[in-house]
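Input: a single structure, listed below in structure tokens.
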Amino acid sequence: MTTLKSFLLLLCISFSLQAYAQEKVTTREVLSLDKGWSFHLGDIPYPVIKGHNATYRNAKAGYVSGAASPNYDDSSWRIVDLPHDWAIEGKVDPEANLSQGYYNRGFGWYRRKFKLSPEDKGKHLEIQFDGIATHATIWVNGTVLHRNWCGYTSMYIDITPYATYGDDVNTIAVRVDADAQEGWWYEGAGIYRHTWLVKRSPLHIITDGVFANPIKKTESQWEIPVEVSLYNSGKLPANSEVEVSLFAPDGQSITTQTQKLSVGALGEEIAKLSMTVENPQLWSPDSPALYKVKTVVKQNGTTMDKAETNCGFRTIRFDNKTGFWLNGENIKIKGVCNHQDHAGVGVAVPDALWEFRLRKLKEMGVNAYRVAHNPVAKEFMAACDSMGIMLLDENRLFNTSPEYVRQLEWQIRRDRNCPSVILWSVFNEEPMQGTENGVEMVRRMYDVVKKMDPTRPITAAMNGGFFSEYNVSQAVDVGGFNYQIESYDRFHEENPDLPLTSTEDGSAFMIRGEYVTDRSKNLMDSYDTQCADWGATHRRAWKAVAERPWMAGCFYWTGFDYHGEPTPHRWPTVSSFFGIMDLCGFPKMAYHLHQAQWVKDKPVLELVPHWNWPADSIGKPIKVMALSNADKVKLLLNGKEISEQTVDPYEMNTWSVPYKPGKLEAIGYKNGKIVSRTKVETTKEPVQVRLTPYRNSLAGDGRDAMPVTVEVVDSKGRHVPTADNMIEFTVTGPAEIIGLGNGNPNCHEPEKGNKRSLFYGLAQVIIQSKEGSGPITLTASTPGLKPATITINADQVAPVPSIPAENPPMLLNKWVASPLSTEKPDATRQIADNDMNSWQPISGGDLIKLENANFVILRATFNPYQAHRQEGGSILFKQLTGKAEIWLNGQLIGSKTTDKEEDFTVEFPAIKDRCDLRVLLNGTANESVGLKGNVTVRTKRSASVSD
Ligand code: GAL
């Protein structure tokens, strides 16, 4: 008995080892899919499915028809690289929705083909879409694999069971419905974030599967509870060992922990480990120290997968009396809210532009950012971690049904390691906020978030309902105020135990360079006098927060202008002008105002307006403002003192100065000493264009991008602030122009192309590298002025690993075979429309044994491509075995007269209808005949391309 048992056990083990030996071990590969998508603007309706056979097939995995089908003719589609926003490529249209920036959105289709090597067989394969605006359906190899119901969440799709290898290409088809709207701002259209193919071992860490968020235990000791979620798509249970190691910012290894656990076949398990750290460097906006958790998963000593996760050590606390505490220090949150678009590129923002935008905000003194009102790109999150910007991370839709809970869970799982995230927000301004139903919904969402991240507080951005019997402030950790300054005190008095923050304030109007408000012409001045009825000027909003110690801070609406929501105007205004900066990131007066209020460690002094007024302004009073963090500011005109004023840190300082061309100068004093100086001067006529790149080089990886500032200068090299010249650009070398802007919310010039007018002296051109290296030359010219040329170097860098796009001929890989016969059958014979069973599907590469028979017919159908319809084409049978007659739509188009296995090509004439292809095979009884290799339908062009 014992012997039998041991024998059986041994048998089991040896079987497992054998099967295990077949499981693929691979190093995780993350490959970009961004390049080479075929794109079609507009919808392509699904074909009408009629007839029983077609209906039956349509219901089967792998058999979708129309533009989602692998064999659809996309040869006339445009090739685009991602990120891609087709809306911004269009023209603003007074008939389109003002909230979406008067850009048409509509529908679009994308297709991409790629090959996998036979080596990839057995790997776990996942495609990832980081963001598609807005609803989307995704097919892979003819099977629908995902339906996307949110324009801001990622999609991770396991394609392993559907993948094909070798010459048989894989086809991804995506139908995008961008008429669906989830916001009241510009949302763009298309696959506007990155796409990836990730190859892993069957036993692997799931995407976003490491949770490592440090917790302070004692004055000196911190713990990182680490959770590693494993999945095993292999055929056998896997005994795994999970190893996590912590590395300091300087790369020094600190500690390693391991845990063993078994993961069943098609099972998911979570390894729970813990690491202890003494006196780590803390993460803060001033010093964003990032540690790395490296996770290794092994099976029987072999590494199956690895992942690196950033984390940071910091404590956060919202106090009901004293506001916000970071690392034991009471600091005010100086935040801004923003949407995710930029001039020229819409929502298809290159990663490098996030860095540019965040840098501008940091220089202004911002320490926090609210992602309004949706999850943002993961590259943006990483930039906030490494640059030191605290985040209010906000969910998009207020809904507790399973799909929306899934979206919320995805966001928490992806972002919960980011030290930058200090607060979650479950909604923005929901009409149900003052109702019992609203409280119930928040209670549920709160629970979802807390279960996944017990470490961070949760808020909801309320703009009303604060004093209702039921209101959602009762279900959150931190009360969030959108506007309602006049209610701050009463609410605090009635809810003294609830910590509070402004989640949104301001909504002041300002157009860069404009100094007169004329609402009839959609113009707003830059003196901080205008705001939305529900909002406040910059100065009032900040004062309301700054003077209340229990208010944790502000999130100013907004840091940057954004397309759409041109409140309070309509056409011809197409973008918002709430921004502290314009759509390009050019500072408005509000930038200097906030900088003066928020930056403490360096002198700030700016003057507005410019000093280029027309001749008839001479002698007339001009309102002058100084924005400064000095104690006193002295103003001088042409060397003569006008007056000195004590700086009002909230209101700043204003003078009325009779205009006289020349030099207006300000001097800032602190403790009686000069600490800052600035001036505005009357310039001469412009004589030359000037280009100022953000950086001196671009990485030659086809992704890096940078804004270049465009202006015109006078003979003394001074910026001319009132210029509006139309500038034309040319670029040579490995780069291209991907967008243009000038920050004018009333401008209708296209954001793509090579021309842009200056708006109050400035425009922006965004250039992106191509893959390659060498000098990039950008030239800007305008009639009558000297052009400007700059040279930027494209540095040789390793390109982001990616998977090439393929454009192969149509592959026929869905065949059915007739019953065998001894008599020669009629190759053209009809199959009853309701007969799904007498012909059997056969798989490619398999020959058919003619058991006691001599004949068999193989059949496949296809829709001819445009080129086939116009000029015909050819069909190439690789390794066709046996004698064969080839029949197309009832016509004999070729005969193979030998038995041997050989490549065989037949030509066919221009053909309009759906094609019914038959291969009548003939051989000696009990021999094998058939399609050993691929069958491809070629156009005249592809026929000349060798395989
Ligand atoms: C708020 C809203 C923002 C934006 C803003 C404009 O109520 O949360 O998304 O619409 O108003 O003032």
What's the long-distance tail for region 613-681, i.e. % of Cα pairs beyond 21 Å?
23
Residues whose built amide H sits under 5 Å from the amide H of ILE642, excluding neighbours closer than 5 in sequence, are LEU635, LEU636, LEU637
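State the percentage of accessible surface on region 613-681 attributable to carbon and sulfur atoms; use a 1.4 Å probe and exclude ligands, DNA and RNA. Can you show the working numbers first?
Numbers: 1910 of 3620 Å².
Exposed carbon and sulfur together represent 53 percent of the surface.
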Rule-of-thumb check for region 519-642: C-alpha Rg over 2.2 N^0.38 Å?
1.21
Here P(r) for the chain, Cα-Cα distances in 10 Å bins, as whole percents, is 2, 10, 17, 21, 18, 14, 9, 5, 3, 1, 0, 0
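Only helices at least 24 Å long along their axis, Cα-based, and averaging -0.5 or more on Kyte-Doolittle count here, so list those DSSP H runs from the chain.
Working: long enough: 2-22 (30 Å, 1.10); 436-452 (25 Å, -0.59).
Long hydrophobic helices here: 2-22.
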Here, LYS716 and ALA798, labelled 7 Å along Cα→Cβ, have an inter-label distance in nm of 5.3
So if I restrict to the alpha-carbon atoms in region 110-186, what is the Rg, and what is Dmax, the biggest pairwise distance, in Å?
14.1, 47
The set of residues whose placed amide H lies less than 5 Å from the amide H of ARG938, leaving out same-chain residues fewer than 5 positions away, is SER874, ILE875, LEU876
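Using 0.36 nm per residue of separation minus the Cα-Cα distance, give me the extension gain between ASP903 and ASN300 in nm, one decimal. Provide the component values of the computation, followed by the final result.
Numbers: separation 603, 0.36 × 603 = 217.08 nm, distance 4.58 nm.
Answer, rounded to one decimal: 212.5 nm.
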Output the Kirkwood hydrodynamic radius of region 630-718, Cα pairs only, in Å rounded to one decimal.
16.4
Report the normalised scattering of region 810-939 as log10 I(q)/I(0) at q = 0.10, 0.18 Å⁻¹, calculated by the Debye formula with identical scatterers on the alpha carbons.
-0.29, -0.95
Apply 1/(1 + (r/R0)^6) to the Cβ-Cβ distance of THR779 and ALA910, taking R0 = 51 Å, and write down the FRET efficiency to the nearest 0.05.
0.60
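Using only the alpha carbon atoms of region 713-754, find the Kirkwood hydrodynamic radius as the inverse mean reciprocal pair distance, in angstroms to one decimal. Let's see the in-between values first.
Working: mean 1/r = 0.0783 Å⁻¹.
One decimal place: 12.8 Å for the Kirkwood radius.
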What stretch of the chain, leaving out the sites themselves, is the longest with no trypsin sites (Lys or Arg not before Pro) in a DSSP loop having at most 10 other Cβ atoms within 10 Å?
322-599
So what are the three principal axis dimensions of region 140-259 from its Cα atoms, in whole Å, longest to shortest?
54, 46, 25
If you average over every viewing direction, what projected area does the convex hull of the Cα atoms of region 204-311 give, in nm²?
6.9
Using 0.36 nm times the number of residues separating ASP447 and SER117, minus their current alpha carbon distance, what extension gain do you get?
114.3 nm
Farthest toward the dipole's positive end in region 89-188, which of LEU98, GLY166, LEU145, given Cβ charges of +1 (Lys, Arg) and -1 (Asp, Glu) about the Cα centre?
GLY166
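Carbon-plus-sulfur fraction of the accessible area of region 316-607, 1.4 Å probe, in percent?
Details: 4180 of 8690 Å².
Here carbon and sulfur together make up 48 percent of the probe-accessible area.
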Among LEU273, TYR291, SER262, whose Cα projects farthest towards the positive end of the dipole of region 204-311, with charges put on the beta-carbon of Lys, Arg (+1) and Asp, Glu (-1)?
SER262
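Roughly speaking, what is the stretch gain from LYS752 to THR924, that is 0.36 nm per residue apart minus the C-alpha to C-alpha distance, in nm to one decimal?
Values: separation 172, 0.36 × 172 = 61.92 nm, distance 6.55 nm.
Here the answer is 55.4 nm.
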Hey, any idea what % of region 204-311's accessible area is carbon plus sulfur with a 1.4 Å probe?
43
For TYR556, the residues 5 or more places away or on another chain with a placed amide H closer than 5 Å to its own amide H are GLY335, VAL336, CYS337, ASP505
Expressed as a whole percent, how much of the Cα-Cα distance distribution for region 383-530 exceeds 20 Å?
55
Only Lys, Arg, Asp and Glu count, each charged at its Cβ (+1, +1, -1, -1), so figure out the dipole size of the chain about its Cα centre, rounded to 20 debye.
1240
Give me the compactness ratio for region 29-200, meaning the Cα radius of gyration over 2.2 N^0.38 Å.
1.07
So what are the ³J(HN,Hα) numbers for region 95-107, from phi and the Karplus equation (6.51, -1.76, 1.60; θ = phi - 60°), rounded to whole Hz, Gly and Pro as x?
7, 7, 6, 4, 4, 9, x, 6, 9, 6, 10, x, 10
Positive dipole terminus of region 810-939, leading residue within ILE857, LEU931, GLY872 (C-beta point charges):
GLY872
Alpha-carbon radius of gyration plus Dmax, which is the widest Cα pair, for region 316-607 in Å
18.2, 54
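Rounded to the nearest 5, what % of DSSP beta bridges with both residues in region 316-607 are antiparallel? Don't skip to the end; give the middle numbers.
Working: 12 of 43 bridges.
In region 316-607, DSSP labels about 30 percent of beta bridges as antiparallel.
State in Å² the accessible area per residue of the chain; use a 1.4 Å probe, count heavy atoms of protein chains only, and round to the nearest integer.
Working: 38040 Å² over 947 residues.
Computed with neighbouring chains in place, this is 40 Å² per residue.
The values are calculated or read from the model by the stated rules, or taken from the named source; none is laboratory data. This is a predicted model, so every value here is computed, not measured. With ideal geometry, Cβ positions are generated from the backbone for all residues, glycine too; neighbour counts draw on all protein chains shown. Note: accessible area is taken over every heavy atom of the protein model, side chains too, but ligands, DNA and RNA are not part of it. Shrake-Rupley method; radii C 1.70, N 1.55, O 1.52, S 1.80 Å.
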